[in-house]
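One structure below.
The values are calculated or read from the model by the stated rules, or taken from the named source; none is laboratory data. Since this is a predicted model, take the numbers as computed values, not measurements. Virtual Cβ from ideal backbone geometry, glycine too; neighbours counted across all protein chains shown. The accessibility values were calculated without ligands, DNA or RNA, using every heavy atom of the protein model including side chains. Shrake-Rupley method; radii C 1.70, N 1.55, O 1.52, S 1.80 Å.
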Amino acid sequence: MESLSEMSLQFSQLSMFPIFDGAHYLASVMAAREQPGAVEVSRRSPMACWFSAMLHCFGGGILSSLMLAEPPILFLSNGTNILLASVIWYLVYYFPSDLFYNCTSFLPLKVIIAALKEVTRTWKILSGVTHAHSHFKDAWLVMIAIGWTKAAGGGLISNFEQLVRGVWKPESNELLKMSYPVKISLVGAVLFTLQHGQYLPISRNDLMLFYTMFLIVTKVTMMLTRSSTSPFQPIETPLGRLLFGCPCDPTEVKEKVAASPDVKAKLSRQPEEKNSTNENIRKRPTKKAD
């Protein structure tokens, strides 16, 4: 137990800059480049491409600042981090022959980068919870919201990031269909908020260590198995049926919609309407040529 406590203490004292922050920026910029049309935007408007990449890198700080009525451009005050993220952005998009992007896309290296990025997620959640507590004492919902947005802000403002690239896809809103990073960030925000209020029988250092290890193992497993299914899916489906009575599977939703009486009646009227329209066209008098 002493060795575990000592390990968790040393882990909690890790410095995020530059290795972990650099991995976060690299993974975020690579994710931005992999969006449809992102490469074309980089050739057409480098400024829009840079701003889109910065939203991926610092979206959590921007959104949490807006929620706390702080300047949304506060992230620009850290010139060192902006410079590091900008250098990584340039290398990913404009390195000759895409050599840098192709090397970092190599699966073993990509797995290491993703694992290092997950470490920063824990620090972002913790900093968001403590920052919210300094503004609102023991306001649980505020602490959860800020910790959540701090770690998953890049995904939560994805619609605004798409607008920067000239794309509008409201159906891709993260609140309509949460991705795994957004879900796990919400779970982490709840856990760290409970620990901050001393409602969890675990120290902060131990929680940081266990939560980060869970993040790394889950992320690496999903990447190696090439699985996009959330690990929470086996829990989400029965809970969704029990609490809300809704099928969580989109195919089931489509089947229910197609089987509804209104849809059936509409589909049955379509052939009749089509036949009557064709009959009217046949009965129209044709003009005779003079």
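Tallying residues that are assigned to a helix (DSSP H, G or I), among the β-branched types (Val, Ile, Thr) and under 19 Å from the mean Cα position of the chain (by Cα) within region 135-170 yields 4. Contact map, region 103-132: residues that are farther than 29 Å from GLN195 by Cβ paired with residues that are surrounded by fewer than 17 Cβ atoms within 10 Å (Cβ to Cβ) and not hydrophobic (A, V, I, L, M, F, W, C), Cβ distance under 8 Å, separation 6+ or inter-chain. Pairs shown: THR104/LYS110.
For the condition touching a residue at least 40 places away in the same chain (Cβ under 8 Å) and charged (D, E, K, R), what is the one hit in GLU174, GLU161? Walk me through how you get there before you give the answer.
Values: GLU174 fails: touching a residue at least 40 places away in the same chain (Cβ under 8 Å).
Going through GLU174, GLU161 in turn, just one is touching a residue at least 40 places away in the same chain (Cβ under 8 Å) and charged (D, E, K, R): GLU161.
Can you find, within region 6-19, the residue that is farthest from LYS110 (Cα to Cα) among those that are surrounded by fewer than 17 Cβ atoms within 10 Å (Cβ to Cβ) and in contact with a Ser or Thr (Cβ under 8 Å, 6 or more places away or on another chain)? Write out each step before concluding.
So the first thing to find is which residues in region 6-19 are surrounded by fewer than 17 Cβ atoms within 10 Å (Cβ to Cβ), and the list is 6-7, 9-11, 13-15, 17-19.
Pick out the ones that are also in contact with a Ser or Thr (Cβ under 8 Å, 6 or more places away or on another chain) and you get 11, 17.
Details: PHE11: 23, PHE17: 19 Å.
Across region 6-19, the extreme among qualifying residues is PHE11.
Taking into account only those residues within region 67-85 that are touching a helix residue (DSSP H, G or I) at 6+ places or on another chain (Cβ under 7 Å) and open to solvent by less than 80 Å² (accessible area, probe 1.4 Å), which is nearest to HIS135 (Cα to Cα)?
Pass one, region 67-85, residues touching a helix residue (DSSP H, G or I) at 6+ places or on another chain (Cβ under 7 Å): 67-68, 71-72, 74-76, 81-82, 84-85.
Cutting the leftovers down to open to solvent by less than 80 Å² (accessible area, probe 1.4 Å) gives us 68, 71-72, 75, 81-82, 84-85.
Details: LEU68: 8, PRO71: 15, PRO72: 16, PHE75: 18, ASN81: 25, ILE82: 26, LEU84: 30, ALA85: 29 Å.
Among those residues, the one meeting the criterion is LEU68.
Would you mind finding the one in ALA145, ALA139 that is crowded, with 18+ Cβ neighbours inside 10 Å, over 22 Å from MET223 (Cβ atoms) and of a type outside the set (Phe, Trp, Tyr)? After applying the criteria, what remains is ALA145. What about LYS137, is it under 26 Å from LEU194 (Cβ atoms) and not aliphatic (A, V, I, L, M)? Taking the combined requirement at face value, the residue satisfies it.
Within region 181-227, the residues that satisfy the criterion of being open to solvent by less than 50 Å² (accessible area, probe 1.4 Å) and of a type in the set (Phe, Trp, Tyr) are PHE192, TYR211.
Being in a helix (DSSP H, G or I) and farther than 18 Å from ILE113 by Cβ narrows it down to one of PHE75, PHE20, so name that one. Before you say what the answer is, go through the steps one by one.
Working: PHE20 fails: farther than 18 Å from ILE113 by Cβ.
After ruling out the rest, the residue left standing is PHE75.
The one condition from (1) surrounded by fewer than 15 Cβ atoms within 10 Å (Cβ to Cβ); (2) of a type in the set (A, V, I, L, M, F, W, C); (3) under 29 Å from ALA139 (Cβ atoms) that CYS57 does not meet is (1). Considering each of ALA115, ALA132 in turn, give the residue that is in a helix (DSSP H, G or I), open to solvent by less than 30 Å² (accessible area, probe 1.4 Å) and farther than 29 Å from SER42 by Cα. Of the residues listed, the single one that is in a helix (DSSP H, G or I), open to solvent by less than 30 Å² (accessible area, probe 1.4 Å) and farther than 29 Å from SER42 by Cα is ALA132. Count of region 39-54 residues, restricted to those that are surrounded by 13 or more Cβ atoms within 10 Å (Cβ to Cβ) and more than 23 Å from PRO72 (Cβ to Cβ), is 2.
Taken as a whole, region 23-32 holds at least one residue that is touching a helix residue (DSSP H, G or I) at 6+ places or on another chain (Cβ under 8 Å), closer than 18 Å to ARG165 by Cα and open to solvent by 30 Å² or more (accessible area, probe 1.4 Å).
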